[in-house]
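The values are calculated or read from the model by the stated rules, or taken from the named source; none is laboratory data. Given the structure is predicted, the values throughout are model-derived calculations rather than measurements. Every residue, glycine among them, receives a Cβ derived from its backbone with ideal geometry; neighbour counts consider all protein chains shown.
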Ligand code: FES
């Protein structure tokens, strides 16, 4: 990985849960999902309408913790690869942020972050979050 940024420590993410990170305005730019010693990091950008996925702070997963959910229109994504398997954007993917777990449990992400899809960049997500 060329350039990296310290995102958080593994202990800051609940095992079997998720946490929003890199606060920007009222939204988190990314979220991390932890399953034991495995961490995946994603842009907080739903491919359906390019809104943040969470309906409240750190709520990114289904009730059973098995899937990522966008609460705007109930799109469901696989944690393994970000594939939307149910909902209005079925067949599309979340944008993965390359991440690395250090030996001390620190979580590092590649920077700059992957680009969000064009409609997201043009629209300004905060204005449309609750519309
Ligand atoms: S904005 Fe995520 S399902 Fe519609």
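Assorted remarks:
- Conditions (1) within 12 Å of the chain's Cα centre (by Cα); (2) in a loop (DSSP other than H, G, I, E, B): number failed by residue 28: (2)
- Scope region 37-47; condition in a loop (DSSP other than H, G, I, E, B) and crowded, with 16+ Cβ neighbours inside 10 Å; matching residues: 44, 45, 46, 47
To keep it simple, each residue is scored yes or no on (1) outside any strand (DSSP E or B); (2) within 23 Å of residue 23 (Cβ to Cβ); (3) more than 14 Å from the ligand (Cβ to nearest atom).
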| site | (1), (2), (3) |
| --- | --- |
| 49 | yes, yes, no |
| 53 | yes, yes, no |
| 59 | yes, yes, no |
| 63 | yes, no, yes |
| 90 | yes, no, no |
| 109 | no, yes, yes |
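Residue by residue, here is whether (1) buried (at least 18 other Cβ atoms within 10 Å of the Cβ); (2) away from the ligand (no atom under 16 Å from the Cβ); (3) at pLDDT below 95 holds:
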| residue | (1), (2), (3) |
| --- | --- |
| 2 | no, yes, yes |
| 11 | no, yes, no |
| 16 | no, yes, no |
| 70 | yes, no, no |
| 84 | yes, no, no |
